[in-house]
1. Would you mind finding the one in Thr687, Thr708, Thr720 that is β-branched (Val, Ile, Thr) and open to solvent by 50 Å² or more (accessible area, probe 1.4 Å)?
2. From the list Val532, Val517, Val523, which one is modelled with pLDDT of 95 or more and within 28 Å of Ala411 (Cα to Cα)?
3. Within segment 227-322, which helices (runs of 4 or more DSSP H) (wholly inside it) include 3 or more residues that are without any contact (Cβ under 8 Å) to a residue 60 or more places away in the chain?
4. When only residues in segment 773-791 that are in contact with an Asp or Glu (Cβ under 7 Å, 6 or more places away or on another chain) and open to solvent by less than 10 Å² (accessible area, probe 1.4 Å) count, which is farthest from Ala562 (Cα to Cα)?
5. Pull out all pairs, ordered by first then second residue, where Cβ-Cβ is under 7 Å, the residues are six or more apart or on different chains, the first lies in segment 695-721 and is farther than 20 Å from Leu563 by Cα, and the second is among the basic types (Lys, Arg).
6. Which of (1) surrounded by fewer than 18 Cβ atoms within 10 Å (Cβ to Cβ); (2) part of a helix (DSSP H, G or I) does Gly671 not meet, given it meets every other one?
7. So Glu572 ticks every box in (1) assigned to a helix (DSSP H, G or I); (2) open to solvent by 20 Å² or more (accessible area, probe 1.4 Å); (3) at pLDDT below 95 but one. Which box is left unticked?
8. Among the residues of segment 372-379, are any under 21 Å from Ala457 (Cβ atoms) and at pLDDT below 90?
Amino acid sequence: MAESRPLVGRSEALAAAVAAGGDERVAAVVVGGPSGVGRTRFARTAFAALGAAGEWRADTIMTSSVTADIPLGALGHLVGDLDPGLTDTAGLLREARRHLAGGSPRRLLLIDDAHLLDPTSAVVLAQLARTGHAFLLLTAPTGAVSPEPLHTLYRDGYATRLELAELDRAQSDHLVETALEGHVDGVTLDRLWELSLGNPRFLCELMDGARDDGALHRAGSVWRWDPPRHPPRRLMELLTARVGGLAPIEQDLMRTLAFGQPLGSEVVAALFPVVTLERLESEGLVTSVRDGRRLEISLAHPLYTELLRSRATPLQEREAYRRLRAAMETSGSRRAGDRHRLLAWRAAEGLATDPTELLDAASSVSGREPRTAERLLRAAADHGAGFEVLWRLGLLRIELGMFDPAETALASAAKLAEASDAVGLDRSTAPDPLLVATARCRNLFWGLRDEPGARAAATAALAAAADRGTDGGELAAALRGFTAYIGHRPAEALAAVAPLLASPGTDDHATTAALAVAALAHVELGEGERAVALATRGLAAPFDGGRGWLTLELRIARWLAALGTGRLDEAEELARDWHTEAGPTGVGEHISLYLSWLGIVAGRRGRLQTAVRLLHEAASGVSARRFPFTAPLVAELAVALAGVGRTTEAQDVLAEVHGTSTSPLAGWLQGAQVWLAGVDGRVSRATELALDDRPAASYADRLQALHTAVRLGAGRAVITLLDDLADRGDGDLPGLCAGHARALAAGHGTALDAVAGGFAELGHVLVAAEVYAQACAAHRAAGHTGAAGWSASRSRAATEACEGAETPAAGLLERTGELTPREAEIAALAAGGLTSRAIADQLVISVRTVNNVLRSVYAKLGVSGRRELTEALGLRSV
């Protein structure tokens, strides 16, 4: 680990080491901790700090297994001029002590790996410490046996021990971001933590190796580690050297744990000698933890699991499963989970296993161990299981984010469902083929971004239902609604599911699917309140356990409705809660989705730098061509970049996806195109783009594009269209957008001030700043200098919260009608309640000067006195 990296999480221990060096009662500090925790690095830092804090004769002593049996082998460089004729131990001790104790000042000695000291050196060092001639700074790994003379120092109170632990999660993240000198995406931080568990050496090796391999790189302003995020080659080589030095039986035990952990101690004891297990535990390679009455054995670190599983040959893997299965059967499975593991091991060993048993076991563990359940279902499928296994396997893979394998399983399930003579297919208990199509179409559309494939799957399922002489019932109605929605026909989608919602049937899946379709369609039409009611109803009891595509559709509708009606606090709370729920081990696409929502809300609030960071992080974790929210993410990122002056970068970002997105969310790009044209000074072109009635544009897309034109100054051209949208849409936002256009076209400053206040109340701070700037220009044109100054001050107060925003409306402010820096300072103090005398004393000016400045402030802001200053300066509501 590079010495230049920060020493994270060690400040208290470092202070304790330095304090011990200044305490006459303490002669030594022992720095302990597990392998890789940074004992040597810490000791060197403490050694340097002690040296800087006092007068010492400082030397470093290095030990090794080579010198451990040589008398004074570790001290040779310090006592090199001893009489070579001395061979007896007593003589060596006497001369070495005389040589090292002489002179001044006191010695400061750093002894790394003190447990490897030869006995003679250990005696000399202990005597020097006891007599006050030296202060010892020693390192030794936890569990190592130190030479007896050094151990007695601690026992007799001459030494203090500092035990270094692994970093906690916050410290780990801090070390990564400090070492990389930039923001790191959450998925990368999660994976680094998962693999290192806070071990500084492993963490730094992971970073360095991944950077050398090119997998860890900067994407825009965010560092990301590209999938599959395996431990890099250099770290694996380091671990291989560590494990490779073990005896064959020790390696075998660790390999068996890698495939079966955690294992009960009775299972391990049936396979390996207890002494082997004890030796590995003393070396810090395995751990034992008590779980109730059972003692569970595991590898000490997940990196050993990664190494041993990746390096095992197929024969070694199968042999490991054979041993595990045999030992479990011999010792007896005492817990419910043991039976499921035994089945999984039998399947992995290649033994014939009843698919029904595997299915039952998968059902039992899917909630708490979904990946184990996936392996069990995969084994059942490999053993010729039928429809039910493939159907559940497809759904489980969707929950795990395995969208391509999910399509494979669901496509196979669909074929079995349609084959009237399929072996093992029980039509009385198997799901309807339309149910498979419902899941499959959504996985194709949302997971794989394959809209033609989703349409084809739906068409085939509906045609098959017709061939059987049935309309398909409730599921068919929900499926027709979904195909209409993805085809940008929200009214048709609502018509398809309306009967089902009016009189819900007995099929919960069909009802949930209809709720999702209807909620999304209402959002498309600007009917946010109805969308919220339907989405809330569907989310109250999710059919897919809260982890499938139906839940995601309902959440998309719920969040879009909050955003579209202008309720930013609600939109942010929803996104944050769902992002937290997704957790570090959740599906990457879901994590990026919720991050993109947080970024979009930040952008709408005007926190543009935050928006850029969050949206970059969201983008870094997914494929642009597979991510269902690519269009909104890219559009909002381009808007935020342009808003902070990074126009060229914004144009490049938008150009990457232009014309490639065909989802119902593709219309989001229109508003970004309008904004970039306006920021570039092409307001006429921006207006043309805003007036372009695109078939794929939703209500919210039209509202955003048209209102963006108003922000750029083109109010008159879009008044009629915005009035129409305001008449049809829910929430306060549409009305504010239309009111903005009318007030701007009329040049009505007071009306613009009111609109700006409305946007500020909704949390749209940057838009509020822009509208106040437009109000300032309108007041100035009407000759209302005081009102212009008031609006300008409100605009600037709002802009200060927008993280360096540079928008076209800011140019409307004219400094001659605004407060000077001195006026603003005095006005702020007066608004804070200070008297003129108090202000004069604080600024070292006369009271007359203060009162003269305040009169100028009142005139510019159009207020009558101090009581109106707080409101005029925007110190309360913006």
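The values are calculated or read from the model by the stated rules, or taken from the named source; none is laboratory data. Everything numeric here is computed off the predicted structure, so don't read it as measured data. No Cβ is skipped: glycine too gets one built from the backbone with ideal geometry, and neighbour counts run over all protein chains shown. In case anyone asks, the SASA skips ligands and DNA or RNA and just uses the protein heavy atoms, side chains included. Shrake-Rupley method; radii C 1.70, N 1.55, O 1.52, S 1.80 Å.
1. Details: Thr687 fails: open to solvent by 50 Å² or more (accessible area, probe 1.4 Å); Thr708 fails: open to solvent by 50 Å² or more (accessible area, probe 1.4 Å).
Going through Thr687, Thr708, Thr720 in turn, the sole match is Thr720.
2. Val517 is the lone residue from the list that is modelled with pLDDT of 95 or more and within 28 Å of Ala411 (Cα to Cα).
3. 233-244, 248-260, 265-271, 274-282
4. Checking each candidate, the answer is Gly789.
5. Ile719/Arg742
6. Looking at each condition in turn, Gly671 falls short on (1).
7. Unmet condition: (3).
8. No.
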